Amino acid sequence: MAEKHIILGTAGHVDHGKTTLVKALTGTDTDRLAEEKKRGITIELGFAHLTLPSGQMVGVIDVPGHERFIKNMVAGAGGIDLVLLLVAADEGVMPQTLEHFEVCRLLGVERGLVVISKSDTVDEDLLELVTEEVAELVAGSFLEEAPVIPVSATTGAGIGDLLAALDELAATIVEKPDSGAFRLPVDRAFVIKGFGTVVTGTVLSGSLGLGDAVILAPSGLESRVRSLQAYGEEREQVFAGERAAINLQGLEKSEIERGEILARPETVLPTSMVDVFYTHLSSATSPLPARSKLLVHSGMAALMGTVVVLNGQELEPGESAFVQVRLEKPTVIMYGDRIVMRSFARRETVGGGLVINPSPAKHRLKDYAPLLPDFKLLQAGKPGDVVAVLVKQAGVAGLRLAELKSFLNFSGKALGKVLDELLARREIVRFDNERQIFITGEIFASLAEKILAMVIDYHQREPLREGMAKEEVRSRLDLSAPLFHALLQRLVKNAKLVVDKDLLRTPDHRVRLAVDTDKVKAGLIALYRKAGLSFPDYSSLSKEFTAEEEDIKLLMTILVKEGTLLKVRDGIFITPEHYEKMRSQVVTFLKEHETMTTQEFKAQINLSRKYIIPLFEYLDQRKVTARKGDARILLQG
């Protein structure tokens, strides 16, 4: 069986023996700084490697325990597979024991064991008491059933038991796939004489080989791999789960910042906003306000950010909610990453959680209810749902294939399978073959309906025109050219629209009439001018002018659009001149009498009820009059 790539991390309070234990296990003193030697405490991350009894190689990250350097601990804990939680026998559980343990839980660490260090300094009774204290701490957590091993790095007692337990745990680790995007958060950058700049870090995903092109994100600096090392050995390739040192061509140490992500070109996209399923720690000393500034840790990066609780409510310790984190500077975060948040003012870890959207739109509180089902699907993490929701949340702009790849740490094969399934079910639609952009089937269908409705409306307003200009439709809907082209293709394929050069029309649209248009129009105008307010019977017009009903309908629409006639209601038309005369009579009457009944209106215009009801209602519609009981009052003079 091929060797797995495993990272082991330490955790625990300052001076509980983490560095001493790592040296006893590996022979390496991970305190490399002069200040660390002088003060006797770990300040920076330390690195070593360990060969277990089975021959399995394990990378070791030793983290600082002092409260002042907790940010370095958080950085080191990202990407570990196993944790050694140390509790000193002579002190028991201390503040950073709890904080480190909480960080491991927030980062999703699933395996580990507890070491009772300095076991040679206490008697059996005190050792038993500390063991019970540890059991209370880890109850209900991933360490609840983990081995608790008393160890003395000084005498060597328990070291064999610890190595055996680690070997058993290592056997349960599932190897990380090397098919995702290569990512390495940079934790150190230094210069080796004769080689140049070297960066180190833990490979979070994917693999990297000699000669590969790389970039640093978010800075965008480009380079190429000159040489590779893992655990002190020269390599042609490094893999997810390994500690790696990478010699980069053409870059100066001063150009590289800790926390940047080393990746292949065009595989990552920096973001300054993420949606997170957040848990406010039970140990937090105060509630989380609905909006607060926190220090956000992702990988090796630590950035200030505004955390917005999307339901608008304050979170009590122990509660969870969906939040949006708005960072002050961009960084690289992918779906499924875990982040930790600390209070800058109180210098305590307050919570953290799972990234469910690495590049969302800016949410408002009123968006929460409609977005909640999407958030829950993203949290559940089924690949098909995740892709569908991310495409949905991208809206009309759609989501490029390159963006999906940079947001999701899926292999190309896995992502391709998900996309094929969603396309087959028409949950998503692909357009723009060059950039491979996806939009939801629901949005695509809605846009197609809007285009069709716009063209139909145009035909009604402009019945004698061949069709509506394509560019007018596109600009009014503010659609990209590729998306608009794809929509037209769908409408044409479904026989909903016809594209005629630069015009769009429905298949049944015809502009040629079977009558002499000018002659019939003139006849209609003369008829309505003569009729006055005693409007003609609309149903008899086609017979009177020897024309098709559709032709009469089109001509009447044109006359109304031109302003030659006014449409009172379906089938009832009058000229503007007769309307104005009627309006003037009503206004004059109402200025003298304040109200006007139907009978009084009838007497004024000397017409039967057949005519006065629609005309009176038309005056209401034009805001000349308004109904008051059984009468009308004047609104405008």
Inset, instruction - Report, in degrees rounded to the nearest 10, the 0 to 90 angle that the Cα long axis of helix 517-531 makes with the longest principal axis of the chain. - result: 70
Inset, instruction - For LEU210 and ARG476, compute 0.36 nm times the residue count separating them, minus their Cα-Cα distance, and round to one decimal in nm. - result: 90.6 nm
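Too long at a 19 Å Cα-Cα cut-off: which of LYS501/LYS553; LYS362/LYS450; LYS521/LYS623; LYS4/LYS176; LYS567/LYS610; LYS602/LYS628? Spell out each step's value before the answer.
Values: LYS501/LYS553 28 Å; LYS362/LYS450 26 Å; LYS521/LYS623 30 Å; LYS4/LYS176 8 Å; LYS567/LYS610 16 Å; LYS602/LYS628 17 Å.
Over 19 Å Cα-Cα: LYS501/LYS553; LYS362/LYS450; LYS521/LYS623.
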Inset, instruction - Using only the Cα atoms of segment 183-263, build the gyration tensor, take square roots of its eigenvalues as a ≥ b ≥ c, and label the shape rounded, prolate or oblate: rounded if a/c is under 1.5, else prolate if a/b is larger than b/c, else oblate. - result: rounded
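With +1 on the Cβ of every Lys and Arg and -1 on the Cβ of every Asp and Glu, and nothing else charged, how large is the dipole of the chain about its Cα centre, in debye rounded to the nearest 20? Could the numbers behind the result be given before it?
Working: 78 positive and 87 negative charges, 853 e Å.
Computed charge dipole of the chain: roughly 4100 debye.
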Legend entry - Among THR331, LEU554, ALA48 - extreme Cα towards positive end, dipole of the chain, charges at beta-carbon: LEU554
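Would you mind ranking LEU113, LEU98 so that the residue whose beta carbon has the fewest other beta carbons within 10 Å leads the list? Let's see the in-between values first.
Working: LEU113 18, LEU98 15.
Fewest-to-most Cβ neighbours within 10 Å comes out as LEU98, LEU113.
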Inset, instruction - For segment 382-512, build the charge dipole from Cβ charges (+1 Lys, Arg; -1 Asp, Glu) around the Cα centre, then report which of ALA453, ALA402, LEU423 sits farthest towards its positive end. - result: LEU423
Legend entry - Computed helical MRE - 222 nm, the chain, DSSP H runs ≥ 4 contributing -39500 (n - 2.57), nearest 500: -10500 deg cm²/dmol
Legend entry - Radius of gyration and Dmax over the Cα atoms of segment 288-428, both given in Å: 15.9, 52
Legend entry - Qualifying chymotrypsin sites (Phe, Trp or Tyr not before Pro) for segment 337-397 [loop in DSSP, other Cβ within 10 Å: at most 16]: PHE344
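Efficiency by 1/(1 + (r/R0)^6): what FRET value for LEU635 and ASP518, r their Cβ-Cβ distance, R0 = 56 Å, to the nearest 0.05? Each step should come with its number before you reach the end.
Working: r = 39 Å, r/R0 = 0.70.
Given R0 = 56 Å and the Cβ-Cβ separation, E is 0.90.
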Inset, instruction - Towards the positive end of the charge dipole of segment 174-255, with charges on Cβ (+1 Lys, Arg; -1 Asp, Glu), say which of ALA213, GLY232, PHE190 has the farthest Cα. - result: PHE190
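Given a Förster radius of 51 Å and the C-beta distance between LEU163 and ARG430 as r, what FRET efficiency does 1/(1 + (r/R0)^6) yield to the nearest 0.05?
On the way: r = 53 Å, r/R0 = 1.04.
With R0 = 51 Å, the Cβ-Cβ based efficiency is 0.45.
Rounded, prolate or oblate: pick one for segment 218-325, where a ≥ b ≥ c are the square roots of the eigenvalues of its C-alpha gyration tensor, a/c under 1.5 means rounded, and failing that, prolate if a/b is larger than b/c, else oblate. Don't jump to the answer; show the numbers that get you there.
Numbers: a/c = 3.14, a/b = 2.36, b/c = 1.33.
Here segment 218-325 falls in the prolate category.
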Legend entry - Distance (nanometres) between label positions extended 7 Å along Cα→Cβ at GLU550 and GLU91: 9.1
Inset, instruction - For helix 441-461, report the angle its Cα long axis makes with the longest principal axis of the Cα atoms of the chain; keep it between 0 and 90° and round to the nearest 10°. - result: 20
Legend entry - Nitroxide proxy distance, nm - points 7 Å out along Cα→Cβ at LYS530 and GLU236: 10.0
Inset, instruction - Classify segment 148-199 as rounded, prolate or oblate from the Cα gyration tensor: take a ≥ b ≥ c as the square roots of its eigenvalues, call it rounded if a/c is under 1.5, otherwise prolate when a/b beats b/c and oblate if not. - result: oblate
Inset, instruction - Can you tell me how much longer the chain between LYS413 and SER254 gets when fully stretched, taken as 0.36 nm per residue apart minus their C-alpha distance, in nm with one decimal? - result: 53.4 nm
Inset, instruction - Please give the helix 368-380 orientation as an angle from the longest Cα principal axis of the chain, in degrees from 0 to 90, rounded to the nearest 10. - result: 40
Inset, instruction - Could you list the residues of segment 308-347 with an amide nitrogen less than 17 Å from a label point located 7 Å from the Cα of ALA369 in the Cα-to-C-beta direction? - result: 310-313
Legend entry - 16 Å reach of a label modelled at ARG510, 7 Å along Cα-to-Cβ, counting backbone N of segment 537-565: 547-555
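Only the coordinates and a few stated rules stand behind these numbers; no lab work does. Note that this is a predicted model, so its numbers are computed, not measured. With ideal geometry, Cβ positions are generated from the backbone for all residues, glycine too; neighbour counts draw on all protein chains shown.
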